[in-house]
Amino acid sequence: MKKPLKSLLLASSVAALLATPVISSANSGVEKLTKNPANWATALGNYSGTRYSKLDQINSKNVKNLQPAWSFSTGVLRGHEGGPLVIGDVIYIHTPFPNTVYALDQATRSVIWEYTPTMDADVTIPVMCCDTVNRGLAYGDGKIFLQQSDTVLTALDAKTGQRIWSVQNGDPKLGMTNTQAPLVVNDKVITGIAGGEFGVRGFLAAYDIKTGELSWKGYSMGPDGDTLIKPGSSTTWENGKVTKLGKNSGTSSWEGDQWKIGGGTTWGWYSYDPDLNLIYYGSGNPSTWNPVQRPGDNKWSMSLWARDADTGEVKWVYQMTPHDEWDFDGINEVVLADQKIGGKTRKTVVHFDRNGFGYTLDRVTGELLVAEKFDKTVNWASHVDLKSGRPQVVSEFSTEQNGEDENTEGVCPAALGSKNQQPVSYSPKTKMFYISANHLCMDYEPFEVSYTAGQPYVGATLTMMPAGGDVLTGKKDGSTNLGQFTAWDATTGKIVWSNKETFSVWSGSVATAGDVVFYGTLEGYLKAVDAKTGKELYKFKTPSGIIGNVNTWSYKGKQYVGVLSGIGGWAGIGIAAGLDSGESDSNSEGLGAVGAYRSLSSFTKLGGVFTVFSLPGK
């Protein structure tokens, strides 16, 4: 039975202009900038994506004295994800659509320049699933890089805001859009694509930072020439060992040409190891959300990737959720950390997936080392078999086995995951990862859907509800909290401590050498907790709900903490897009989020504000 999709956030136009690949050389200077903690020079703070600062002026003893220092209204009302870049004396912030960029003078707290791209709202906004967010900017080679919602990638002069070049990265007529922050690596700017709910085939692309010309492009599925998988050289984890891939692994687990509309989009975060010259990221859900319509493992959706930064060639790839049945989009950040496991220091990547498992892999080889639940209420799989690397699916919660037009009840986590895009932080002092988490379950009903270019291609309806269980044990306890903030040991796969939050923690955290971890809440609180114990040390309610990431930097010897407020994103879509009628008939709106977060409107309203905090005194 075919059903119409009720208010996802629909589709339309623009032509793609993709230039001929070229190779060039230059050094962006980004790595050097990130090593100075006075700056915050990449979206995740550094190439490793640890979101850790060596600053310790604000610490666990004095953070109770923190206070707002100044604020700046962005003039935009929708959800404000991402966070500020700080390069020397200048702070760069961004807004959701229309993607205005502000360069702010730290000395005068005034606007040096601002830039708003020209975009067609009627074309762009309808294809933006889950609010009109943007997750930030990139800096390199004296330029600010803006990945616009309409897929145009733009380079701006960092001093003047003058546009230097723009290139079309995708085609909104096919449902393509962009929400992620790009990353500058050497002489290239790395970016991806969103639109998995429109049948978009995901890719990662690298553009020359000086000219905007395409250097390489690697798809998530397709023939080897498209994926840049090299048979006999690129590897995966299989049968308990690192295994070389055969030919066309990106098509062989699909039926017919379904891979051409297969999803696996790449709207998350990117990290980079300069020594290995490898870029790491995750690919998203396969299209459609109805698993019955796409038999097979659907490789390489839902996968972690390591690609050569110069050529895009795949070093290794590991699929976390073969044949996804729940929209456990795999795009969350991939953090690089050297950790001692089994008495040996390993170069690892750590990834907390929407599917509720925390993964630790060797980032050189792709060897799977740890895969454990970071929320014990997760029930769709009993565990991940470390030998095969595959999750062991529980039949009761398999939407494929229960079939089309059957409502599978009580699946944990919900589609927005045990954790969504909000990036974790990692402290090399405590050796803990700090997870901004969700704590919800869902009812999920797949239905048959037909593909039409540029139109929603979802194929499921869902509603969400509190997990109602203990994150540490998984036992039902009748709790109603929708969020958790959790400390995790990635060498053992164990929770160290976890705090309940009333709503999902949709804000990325930052850990500091002052043994403090900062994060924001959907109600709008900036919070500081003790990095070792989780004890709450400070909170302040900002003008709107926080879905932005907390960053820290120093200026003239003084440490600052800054965050964007502005409720929205998937969790706040009911408020941001006005989808909530206040009645149960709108519970499944916003891809199931509206009913679960209905009470949020009692705590916060729309409004984009950048707030900066510091300790009192000079």
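The values are calculated or read from the model by the stated rules, or taken from the named source; none is laboratory data. Just so we're clear, the structure is a prediction, and the values are computed from it rather than from any experiment. Ideal geometry is used to build each Cβ from the backbone, glycine not excepted, and the neighbour counts take in all protein chains shown. Ligands, DNA and RNA are excluded from the accessible area calculation, which covers all protein heavy atoms including side chains. Shrake-Rupley method; radii C 1.70, N 1.55, O 1.52, S 1.80 Å.
For the reader, a short list of remarks on this structure follows.
- The range 178-196 residues near the modelled ASN277 label - backbone nitrogen below 18 Å, point 7 Å along Cα→Cβ: 184-190
- The H on the amide N of ILE112, modeled in the peptide plane, is under 5 Å from the matching H of ALA103, LEU104, ASP105, each at least 5 residues off or on a different chain.
- Three-way shape call for the chain based on the alpha-carbon gyration tensor, with the a/c threshold at 1.5: rounded
- Cβ-derived FRET efficiency at R0 51 Å, ASP405 paired with TYR555, nearest 0.05: 0.30
- Dipole of the chain, positive direction: furthest Cα of GLY403, ASN99, TYR52, with charges on the beta-carbon: TYR52
- Rounded accessible area per residue of the range 420-557, 1.4 Å, Å²: 30
- Only protein atoms count toward the accessible area here, which uses a 1.4 Å probe; on the chain, the carbon and sulfur part of that area reaches 49 percent.
- Estimated inter-spin distance, SER584 and SER73, nm [label 7 Å along Cα→Cβ]: 4.1
- Per-residue SASA entry for PHE357, accessible area with 1.4 Å probe, Å² rounded to 10: 0
- Taking every protein chain into account, the accessible area of the range 171-266 amounts to 30 square angstrom per residue (probe 1.4 Å).
- Centre separation in Å (Cα based) which lies between the range 216-290 and the range 103-133: 32
- Backbone N atoms of the range 512-552 closer than 15 Å to the 7 Å Cα→Cβ label point of GLN57 belong to residues 513-514, 552.
- Here's the picture: a label point sits 7 Å out from the Cα of ASP470 along the beta-carbon direction, and within the range 342-381 the residues with their amide nitrogen under 18 Å of it are 373-379.
- Note on VAL292: accessible area is roughly 60 Å² with a 1.4 Å probe, heavy atoms of protein only.
- Think of it as helices only: each DSSP H run of n ≥ 4 in the chain is worth -39500 (n - 2.57), and spread over all residues that comes to -500 deg cm²/dmol at 222 nm.
- Between SER166 and LYS347, the modelled labels are 3.9 nm apart [label points 7 Å from Cα along Cα→Cβ].
- Accessible-area order (highest first, 1.4 angstrom probe) of the listed residues TYR280, TYR538: TYR538, TYR280
- Shape of the range 88-131, Cα gyration tensor, a/c cut at 1.5: prolate
- If R0 is taken as 56 Å, the Cβ-Cβ distance between SER599 and LYS244 corresponds to a FRET efficiency of 0.60.
- Between LYS35 and THR211, residue separation times 0.36 nm minus the direct Cα-Cα distance comes to 60.7 nm.
- Electrostatic dipole magnitude of the chain [Cβ: Lys, Arg +1; Asp, Glu -1; Cα centre; debye, to 20]: 2260
- Judged by the mean number of other Cβ atoms found within 10 Å, the most tightly packed of the peptides 36-45, 103-112 leads the ranking 36-45, 103-112.
- Computed accessible area, ARG363, all protein chains, 1.4 angstrom probe, square angstrom: 20
- Evaluating 6.51 cos²θ - 1.76 cosθ + 1.60 at θ = phi - 60° for every residue in the range 603-616, the Karplus couplings come out as 10, 7, 9, 5, x, x, 9, 9, 10, 10, 10, 7, 7, x Hz, glycine and proline recorded as x.
- Under 5 Å from the amide H of TYR555 lie the amide H atoms of TYR560, each residue being 5 or more positions distant or on a separate chain, with H modelled from the backbone and absent for Pro and chain starts.
- Per residue, the range 309-364 exposes 23 Å² of accessible surface when a 1.4 Å probe is rolled over the protein heavy atoms with every protein chain present.
- Across GLU583, GLU325, the residue with the most accessible area heads the list, and the full order at a 1.4 Å probe is GLU583, GLU325.
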